[in-house]
Amino acid sequence: MFVKSLLENPPHTSYEGEDKDEVILYVLRQSVWTNVGWIIGATLLVFVPFFVLPLLPDFITVNLKLTMIMFWYLVLFGYTFQRFINWFFNVYIISNKKIIDVDFHGILYKNISEASLSSIEDVTSVVKGAMGVTFNIGDVLIQTAGESREFDFEGVDNPSKVRDIISDLVSQHKRKKQ
């Protein structure tokens, strides 16, 4: 199901730069609940023309009013589409060799960051705020060694489970290396 925040052993899944012997174990995305704010906002914005139209002066033609309404809904559709695409395609991947953070900003910019399991030093989960505590949504912060930055898996469901998954994989990977 495409709305799940945590997909285990997803079939037919790959990413740019995947190694031949690499197996994708988990694909995560932000919780569906993180979309509630913009969905409510977009739903309310659907009704704005019904309140604004009667307030417009009489000298504005019907064609101009129709054009303004069409423009309003076109912009609203673009905003809604962009927010959904950002949520759907911003994913976090956990494989048997590394973690990958795929970030889309808009529809024209993509950033892929990765860190090997052997470079992970610390994994922390954070749950904050009323929505986070109520729905068990939070961030997983992954500290890596060297020049690599910290990875943030933001707004994921059950962040303590994700933290445990990554910690266990790192432990297994380090035991194999010894």
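We did not get these values from a lab; they are worked out from the coordinates using the rules stated. Computed from a prediction, not measured in an experiment: that's the story for all the values here. Please note: Cβ atoms are built from the backbone with ideal geometry, for glycine as well, and neighbour counts cover all protein chains shown.
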(message) Rounded, prolate or oblate for the stretch 85-178? Axes are the square roots of the Cα gyration tensor eigenvalues, ordered a ≥ b ≥ c, and the cut-off for rounded is a/c under 1.5.
(response) oblate
(request) Report, in whole Å, the centroid distance computed from the Cα atoms of the stretch 25-49 and the stretch 119-146. (result) 21 Å
(message) For Cα pairs less than 8 Å apart in space and 6+ apart in sequence, what is the mean separation divided by the residue count of the stretch 72-149, i.e. the relative contact order in percent?
(response) 19 percent
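If we count other beta carbons within 10 Å of each Cβ, what is the order of His173, His12, His105, fewest first? Walk me through the intermediate numbers first.
Working: His173 16, His12 4, His105 11.
With the fewest neighbours first, His173, His12, His105 line up as His12, His105, His173.
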(request) List the aspartates and glutamates whose Cα lies under 20 Å from the Cα of Lys4, skipping any in the same chain that are fewer than 8 positions away. (result) Asp101, Asp103, Asp139, Asp152, Glu154, Asp157, Asp164
(request) Find the Cα radius of gyration of the chain, compare it with 2.2 N^0.38 Å by division, and give the number to two decimals. (result) 1.36
(request) For Lys97, list long-range residues whose amide hydrogen, built 1.01 Å from N in the peptide plane, is under 5 Å from its own amide hydrogen. (result) Val23
(message) For the stretch 38-84, report the % of Cα-Cα distances exceeding 15 Å.
(response) 48 percent
(message) Need the list of aspartates and glutamates near Lys177 for cross-linking: C-alpha distance under 19 angstrom, and skip anything on the same chain fewer than eight residues off.
(response) Asp19, Asp21, Glu22, Glu121, Asp122, Asp168
(request) Once you've got the Cα coordinates, tell me which of Lys128/Lys161; Lys20/Lys98; Lys98/Lys128; Lys98/Lys161; Lys20/Lys97; Lys20/Lys110 are over 20 Å apart. (result) Lys98/Lys128; Lys20/Lys110
(request) Would you kindly state the longest site-free stretch of the chain, with sites defined as chymotrypsin sites (Phe, Trp or Tyr not before Pro) in a DSSP loop (not H, G, I, E, B) surrounded by at most 12 other Cβ atoms within 10 Å? (result) 60-178
(request) Rank the residues Thr13, Thr61 as a footprinting-exposure proxy: fewest other Cβ atoms within 10 Å of their Cβ go first. (result) Thr61, Thr13
